[in-house]
1. Test each condition in (1) at pLDDT 90 or above; (2) over 13 Å from the mean Cα position of the chain (by Cα); (3) of a type in the set (S, T, Y) for S278 and report the one that comes out false.
2. Is it fair to say S309 is surrounded by fewer than 18 Cβ atoms within 10 Å (Cβ to Cβ), under 15 Å from L125 (Cα atoms), among the small types (G, A, S) and touching a helix residue (DSSP H, G or I) at 6+ places or on another chain (Cβ under 9 Å)?
3. Which condition does N248 not pass, out of (1) surrounded by fewer than 16 Cβ atoms within 10 Å (Cβ to Cβ); (2) under 23 Å from S294 (Cα atoms); (3) of a type in the set (S, T, N, Q), if it passes all the others?
4. Within the range 196-236, can you find the residues that are assigned to a helix (DSSP H, G or I), more than 25 Å from the chain's Cα centre (by Cα), among the charged types (D, E, K, R) and within 30 Å of S249 (Cα to Cα)?
5. Go over the candidates I272, I260, I286, I302 one by one and state the one that is surrounded by 15 or more Cβ atoms within 10 Å (Cβ to Cβ) and farther than 27 Å from R121 by Cα.
6. If I filter the range 61-73 for residues that are among the hydrophobic types (A, V, I, L, M, F, W, C), under 25 Å from F142 (Cβ atoms) and surrounded by fewer than 17 Cβ atoms within 10 Å (Cβ to Cβ), do I get at least one hit?
7. Give the number of residues within the range 95-116 that are of a type outside the set (A, V, I, L, M) and over 20 Å from F217 (Cα atoms).
8. Checking the condition on the phi > 0 side of the Ramachandran plot, out of contact with any Leu (no Cβ under 9 Å at 6 or more places or on another chain) and among the polar types (S, T, N, Q), which residue from S110, S144 passes?
Amino acid sequence: MKPFIFIRKKIISFLILLFIVFLVLFSNSAFIATKKGINLWANNVVPSIFPFLIAVDLLKQTNVIYFLSTYLDRFMRPLFNLPGIASFPFVMGFLSGYPVGAKIVSDLYSNAAFTKEEAERMLPLTNNSGPLFIVGTVGISFYSNTLIGIILLITHILSSITIGVINGLFSRLKIINTYSNRSPIKLNKDNSISELGEILSNSIMNSIKTILLIGGFVTLFSVVIAILEKTKIIIFFSRLISSTIHCNSNIVNALLSGIIEFTNGLSKLSTIHLKSISINIILSSIIIGFGGVSVTLQVSSIICKHHLSIKKYILSKIFQALVASFYTFLLLKIPFFNFDLQ
């Protein structure tokens, strides 16, 4: 194990050094990609996530979590084999988008609200793209079509619930004491008007930290994609895959970009004009379902201090991407949603 860890550290050091060299060699492309990443973040990500980040942080100061855990346990337990408190990150994760769900799960787990096994199963269920991003950014901004955003939102929600149900079924097959190491949910004290300013300030500061973290990842991976394109690496693999499966290399390029960073990939995919726009929509559902390496690393950075495993999250998200594409394919067969017939 020690030699493996040593080699892994050396590989990481080599990749970081190589990245710096490419930054110097392709400084102009990196500069343009940085501006593009910041624009994507500022114009699309911040408006769709930042208000929800503040709202979620404010809600955590109230007794909403307590009441949700009390009344929704009857639904969460049969469906997902999770306690009622899981409903809070589930709902807030869908409303807010990546990686808010992971942050809420980590915060609640640190307070022993549920077990480690439950927390790891909750991560893929609660960490999803939000409706403002899917409908507003992808549907309206990228595709100039609200209905496309609604289709992607429906299939995204259904695929996430499907994965949650499947993980819950598998957990029932294991002999796990899901009630150990769990603390009862306590009521928060009622906050006075005089404390409102302080609570709001803390919520805004916490939200700014999270949104800056997201912006850093979006911008960094915009540069990574630009370097991969400049070195022809992503183009090489795009052409290799496209020639193997006989498809449009631009589509493969956008899909690979989306696997790396989903905002950039979705933006690219929406600009590719094909005879059948259904292909663009189905591939968009794959990218949104998986979330990209960038989001995965964001989640990892949030949960690592709590020693939660990222493996189950990655496997679940890969499966969710496939399930989402299947649901999208079925939905597009309905005449009302079939853009190829319009």
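The values are calculated or read from the model by the stated rules, or taken from the named source; none is laboratory data. Small disclaimer: the values here were computed from a predicted structure and weren't measured. Here the Cβ is made from the backbone with ideal geometry for all residues, glycine too, and neighbour counts use every protein chain on show.
1. (1)
2. For S309, the condition - surrounded by fewer than 18 Cβ atoms within 10 Å (Cβ to Cβ), under 15 Å from L125 (Cα atoms), among the small types (G, A, S) and touching a helix residue (DSSP H, G or I) at 6+ places or on another chain (Cβ under 9 Å) - is met.
3. (2)
4. Residue satisfying the conditions is K230 alone.
5. On the way: I260 fails: farther than 27 Å from R121 by Cα; I286 fails: farther than 27 Å from R121 by Cα; I302 fails: farther than 27 Å from R121 by Cα.
Result: I272 is the single residue among I272, I260, I286, I302 that is surrounded by 15 or more Cβ atoms within 10 Å (Cβ to Cβ) and farther than 27 Å from R121 by Cα.
6. Residues of the range 61-73 that are among the hydrophobic types (A, V, I, L, M, F, W, C), as a first pass: 64-65, 67-68, 72.
From the residues that got through so far, the ones that are under 25 Å from F142 (Cβ atoms) too are none.
So far as the range 61-73 goes, no, none of its residues is among the hydrophobic types (A, V, I, L, M, F, W, C), under 25 Å from F142 (Cβ atoms) and surrounded by fewer than 17 Cβ atoms within 10 Å (Cβ to Cβ).
7. Restricting attention to the range 95-116, the residues satisfying the condition of being of a type outside the set (A, V, I, L, M) are 96-99, 101, 103, 106-107, 109-111, 114-116.
Cutting the leftovers down to over 20 Å from F217 (Cα atoms) gives us 107, 109-111, 114-116.
Counting residues in the range 95-116 that are of a type outside the set (A, V, I, L, M) and over 20 Å from F217 (Cα atoms) gives 7.
8. Working: S110 fails: on the phi > 0 side of the Ramachandran plot.
That would be S144, the only listed residue that is on the phi > 0 side of the Ramachandran plot, out of contact with any Leu (no Cβ under 9 Å at 6 or more places or on another chain) and among the polar types (S, T, N, Q).
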